[in-house]
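Written out below as structure tokens is the structure these notes cover.
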Amino acid sequence: MNPSGTNELTILNCGDSKTMLVGELVIGDGSVVVFETRDHSPDDIIEIQRLTRGKELGLDYSIPECSISGSYLRVGDFQYALCRSLEGSYVTSKGIVSDPDMTKINLAIALAGRQYNSLVLACDGLLEVMSSEEVGREVVLMRKAGYKADEVAKNLCGQALKKGSYDNIS
């Protein structure tokens with residue numbers, strides 16, 4: 001796949017952004033999303049289970065609570081919309097980990113029979129107004145049309161703004 005022989009992609013994910021590997025099937029119809037990471041939001045069942053175990057061990061944060069704008073957890077006097085944070089020693093001292101999920105993908109296998117492949121790193125502001133599939137299809141269409149990566153990114157951010165995203169978009 002690569003002249004240097006590198007066929008493996010390692011994705012580290014921590015937080016509420018998402019990494020997606022997308023590409024159009026050469027033959028047939030189907031999803032353009034080959035792989036996507038999961039959010040580490042307080043309403044994710046895996047994160048709730050992890051947080052519950054930590055709370056039982058005496059870590060100093062709340063179990064996720066619901067609000068109008070979504071789930072959050074309390075850490076000291078603060079509210080966090082994510083369960084894994086890179087924000088520094090205060091949050092990690094309370095038990096909110098910065099450990100990422102790690103996924104290794106064999107690109108030769110994952111992208112076999114696909115074209116217009118792209119790796120997309122998207123903040124939650126984009127994904128609150130567009131599904132992963134919608135983002136992937138837009139990326140494939142723009143790459144097919146010859147858009148450069150920076151043009152694709154600007155276009156996606158513009159679409160999210162038009163659709164009314166209120167969170168960070170990048």
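The values are calculated or read from the model by the stated rules, or taken from the named source; none is laboratory data. Keep in mind it's a predicted model, so treat the numbers as computed, not measured. Because the Cβ atoms are built from the backbone with ideal geometry, glycine has one as well, and the counts that use them run over all protein chains shown. All accessible areas refer to the heavy atoms of the entire protein, side chains included, with ligands and DNA or RNA removed. Shrake-Rupley method; radii C 1.70, N 1.55, O 1.52, S 1.80 Å.
Report in % the part of the accessible area of the chain that belongs to carbon and sulfur, leaving out ligands and nucleic acids; probe 1.4 Å.
Here carbon and sulfur together make up 54 percent of the probe-accessible area.
Please work out whether region 20-78 counts as rounded, prolate or oblate from its C-alpha gyration tensor, where a ≥ b ≥ c are the square roots of the eigenvalues and a/c under 1.5 means rounded, while otherwise a/b larger than b/c means prolate and anything else oblate?
prolate
Specify the angular offset, from 0 to 90 degrees and rounded to the nearest 10, of the alpha carbon long axis of helix 149-162 from the longest principal axis of the alpha carbons in the chain.
Tilt relative to the chain: about 60 degrees.
Accessible surface of C66 in the full protein assembly, 1.4 angstrom probe, to the nearest 10 Å²?
120 Å²
Rolling a 1.4 Å sphere over the protein heavy atoms, what is the accessible area per residue of region 41-114, to the nearest Å²?
Value for region 41-114: 60 Å² per residue.
What angle, in degrees between 0 and 90 and rounded to the nearest 10, separates the Cα long axis of helix 132-144 from the longest principal axis of the Cα atoms of the chain?
30 degrees
Amide H of V34: which non-local residues (sequence gap of 5 or more, or other chain) have their own amide H closer than 5 Å, using H built in the peptide plane?
Correct list: L21, V22, G23.
What does the charge dipole of the chain about its Cα centre add up to, to the nearest 20 debye, if the Cβ of each Lys and Arg holds +1 and the Cβ of each Asp and Glu holds -1?
380 debye
Per DSSP H run of n ≥ 4, the term is -39500 (n - 2.57); total these for the chain, divide by its residue number, and report the mean residue ellipticity at 222 nm rounded to 500 deg cm²/dmol.
-8500 deg cm²/dmol
Can you sort L107, L141, L59 by solvent-accessible area, 1.4 Å probe, largest first?
From most exposed to least exposed: L141, L59, L107.
Using 0.36 nm per residue of separation minus the Cα-Cα distance, give me the extension gain between C66 and K144 in nm, one decimal.
Net length gain for the segment: 23.9 nm.
Sticking with the crude label model, points 7 Å out along Cα→Cβ, report the distance from R50 to N155 in nm, one decimal please.
Here the modelled spin labels are 3.4 nm apart.
How high is the relative contact order of region 61-106, in percent, with contacts defined as C-alpha pairs under 8 Å that are six or more residues apart?
Value for region 61-106: 26 percent.
Using alpha carbons only, how many angstrom separate the centre of region 131-170 from the centre of region 46-118?
The distance from the Cα centre of region 131-170 to that of region 46-118 comes to 25 Å.
Looking at the square roots a ≥ b ≥ c of the eigenvalues of the Cα gyration tensor of region 48-104, which shape do they give, rounded for a/c under 1.5, prolate if a/b is larger than b/c, or oblate?
Rounded is the answer for region 48-104, as its axis ratio a/c remains below 1.5.
Taking the Cα atoms only, what angle lies between the long axis of helix 45-56 and the longest principal axis of the chain, rounded to 10 degrees?
30 degrees
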